[in-house]
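The values are calculated or read from the model by the stated rules, or taken from the named source; none is laboratory data. Bear in mind that the values here come from a model prediction, so they are computed numbers and not experimental data. Please note: Cβ atoms are built from the backbone with ideal geometry, for glycine as well, and neighbour counts cover all protein chains shown. Each accessible area value is taken on the protein alone, full model and side chains, heavy atoms only, with ligands, DNA and RNA left out. Shrake-Rupley method; radii C 1.70, N 1.55, O 1.52, S 1.80 Å.
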Amino acid sequence: MKKHISKLVFAAFILVYIIGCFIQSPISDAVGSMWSLLPPIVAIGLALITKEVYSSLFIGIITGGIVYATASSSGFAGMFNTIVKDGVIANLADASNMGILVFLVVLGIIVVLMNKAGGSRAYGDWASKHIKTRAGASISTFVLGVLIFVDDYFNCLTVGSVMRPVTDKHKVSRAKLAYLIDATAAPVCIIAPISSWAAAVSGTVKDVNGIQLFIRTIPYNLYALLTLMMVVFIALSDTDYGPMKVHEDNAKNGDLFTTKSTVYPEDAKPKHSRGKVIDLLLPVVILIVMCVLGMLYTGGLFSGESFIDAFANCDACYGLALGSIGALLIIVVYFLARRVLTFSECMDSVPAGFKQMVPAILILTFAWTLKTITSNLEAGTFVSDIVKSATAVEVLLPAILFVVALGLSFATGTSWGTFGILIPIVTEVFKGELASVTSSGQIPSMVIICISACLAGAVCGDHCSPISDTTIMASTGAQCDHVNHVSTQLPYAMTVAGVCVAGYILAGLVHNVFVVLGCSVAVMLGVLVLIRMLNKRKKIQSSQPADENS
């Protein structure tokens, strides 16, 4: 019954939204209007309702193709050109996208190699002796995620590969593992001065020291900080709610997947019993070192650039592909030298690793295509016009920017694209104040707060969106059904987002980081404690009839 109600609500929402689109502008003027957000809304809504991501993304793509073809009066030929040539083919031909796919496939091969060699089994056995509880498994996942702060894609896939055997042994659901990975990927990268995200943010602001500005936004980045706090609280207290509680309750009874998803094939079984913990740890260390070196190489470190500038100028996608290929070669030689794998077993791991990453490749390709169509419909222009019209209410501007960034990032699935659109608008609004930065060296606090709100909202929307690269990578790393990950993570992200809105309203009134951050942390902690108390009360009430009958 609930499923039918949710479908009716979704259909009613789409109908109302389409009516609103027609009221705002005819479909022939769809570019830069409400129509531009219709394709991702259709795709995201269908994914959450049907629990089937491939068809949902494809229908969203078809919707976007129809809207764009109608707006450009290009007919069926234009629709197919938009979807196939400008969408799928163009995205697969894009160097950055192909770098991500190469990294995905190479990581899949490395994971299969580690499993075949027995490294994952040995690490699982070691971890079971040293990590005794579910809370310990969750906190270990969080700590590893915090340590790998240089890039979110790298974070998601590496943490998932390493921690799956541990969390499985302690009966942590795959949905919970995916949340732990996702909640320590982008939130950590967006507050790490040495990361691909810092480089992206610093490049969006002109005439100001980008790294200095980025560092000053960290204390006001409420979503990232509160999300990390929430992960620690949930891990230590074993508090879950919403769909995640269903998954966790099932996991405690031995069902790690709940929906019996067969999207991801099982990991390759160990071929040798002589595998050791070093056969997992050393390949992971090699991968981390080589990927960091690859990113620094693309940033010009070996051509005379400083370490900081090399990170700021790096091509993360190319660097990760380059580093992972170099790591794969070294790892193969290592396993051959250790004689835990033969050469033919290493080569058999290549197609097996590719096969493991096929679901992620399909979802990413569809998501990239949908983003391209949304971009062609100029969704960013539509949203930026809304923001410009709201700048008159300066006190509420941080909260408004957070909500708008959340919505845009959720709909488009890109946090980088979101703050790339919104931060220039903020700098334009405060152009007069920023003009004095050159002489005084002090960036106005309201500028810092507003840019922080843009970054926080972008990460939050990216965190929630089914079409976000990072969300897809987290599902892949945990080998969790993608829609299960999105539906279980959404209530958690929205809880933090609600506290963030209140925090940014306070920030607009009181330009004091200690007051804003302190109050936000106190409110977040209060909400989590309240949720824990309600969970305990429900548990007591549900056990009472059984006690009475006994």
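Odds and ends about this structure:
- Residue within the range 69-86 that is open to solvent by less than 40 Å² (accessible area, probe 1.4 Å), over 12 Å from THR369 (Cα atoms) and touching a residue at least 24 places away in the same chain (Cβ under 8 Å) present: yes
- Filter pass, ILE373 being under 28 Å from the mean Cα position of the chain (by Cα) and at pLDDT 85 or above: yes
- LYS132 vs. criteria modelled with pLDDT under 80 and not in a helix (DSSP H, G or I): no
- Residue among ALA474, ALA502, ALA399 that is assigned to a helix (DSSP H, G or I) and buried (at least 24 other Cβ atoms within 10 Å of the Cβ): ALA474
Each row is one residue, and each column tells you yes or no for (1) open to solvent by 20 Å² or more (accessible area, probe 1.4 Å); (2) in contact with a Leu (Cβ under 7 Å, 6 or more places away or on another chain).
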residue	(1), (2)
ASP94	yes, no
PHE149	yes, no
VAL159	no, yes
VAL166	no, no
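- If you check TYR153, TYR123 for being under 28 Å from GLU345 (Cβ atoms), under 14 Å from the mean Cα position of the chain (by Cα) and open to solvent by 10 Å² or more (accessible area, probe 1.4 Å), only one passes: TYR153.
- Test for ILE23: is it in a helix (DSSP H, G or I), open to solvent by 60 Å² or more (accessible area, probe 1.4 Å), free of Cβ contacts under 8 Å to residues at least 60 places away in the same chain and under 30 Å from PHE354 (Cα atoms): no
Yes/no matrix, rows are residues, columns are (1) open to solvent by 10 Å² or more (accessible area, probe 1.4 Å); (2) modelled with pLDDT under 90; (3) closer than 13 Å to ILE373 by Cα; (4) among the acidic types (Asp, Glu):
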position	(1), (2), (3), (4)
VAL31	yes, yes, yes, no
LEU46	yes, yes, no, no
THR50	yes, yes, no, no
SER55	yes, yes, no, no
THR63	yes, no, yes, no
ILE66	yes, no, yes, no
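- Against the numbered list (1) touching a residue at least 60 places away in the same chain (Cβ under 8 Å); (2) over 24 Å from PHE335 (Cβ atoms); (3) among the small types (Gly, Ala, Ser); (4) surrounded by 24 or more Cβ atoms within 10 Å (Cβ to Cβ), GLY145 comes up short only at (1).
- For the range 60-96, filtering for residues that are among the hydroxyl-bearing types (Ser, Thr, Tyr), over 30 Å from the mean Cα position of the chain (by Cα) and in a helix (DSSP H, G or I) leaves 2.
- Residue in the range 8-18 that is out of contact with any Lys or Arg (no Cβ under 7 Å at 6 or more places or on another chain), open to solvent by less than 50 Å² (accessible area, probe 1.4 Å), more than 17 Å from LEU364 (Cβ to Cβ) and not in a helix (DSSP H, G or I) present: no
- Verdict on PRO359 being of a type outside the set (A, V, I, L, M, F, W, C), in contact (Cβ under 8 Å) with a residue 24 or more places away in the chain and more than 17 Å from GLY119 (Cβ to Cβ): yes
- Qualifying position, being open to solvent by 40 Å² or more (accessible area, probe 1.4 Å), in contact (Cβ under 8 Å) with a residue 40 or more places away in the chain and out of contact with any strand residue (DSSP E or B) (no Cβ under 8 Å at 6 or more places or on another chain), among THR381, THR372, THR342, THR365: THR381
- When residues in the range 247-277 are screened for being crowded, with 16+ Cβ neighbours inside 10 Å, among the acidic types (Asp, Glu) and modelled with pLDDT of 55 or more, 1 of them pass.
- Residue in the range 316-335 that is in contact (Cβ under 8 Å) with a residue 40 or more places away in the chain, closer than 30 Å to LEU37 by Cβ and either in a helix (DSSP H, G or I) or open to solvent by less than 80 Å² (accessible area, probe 1.4 Å) (or both) present: yes
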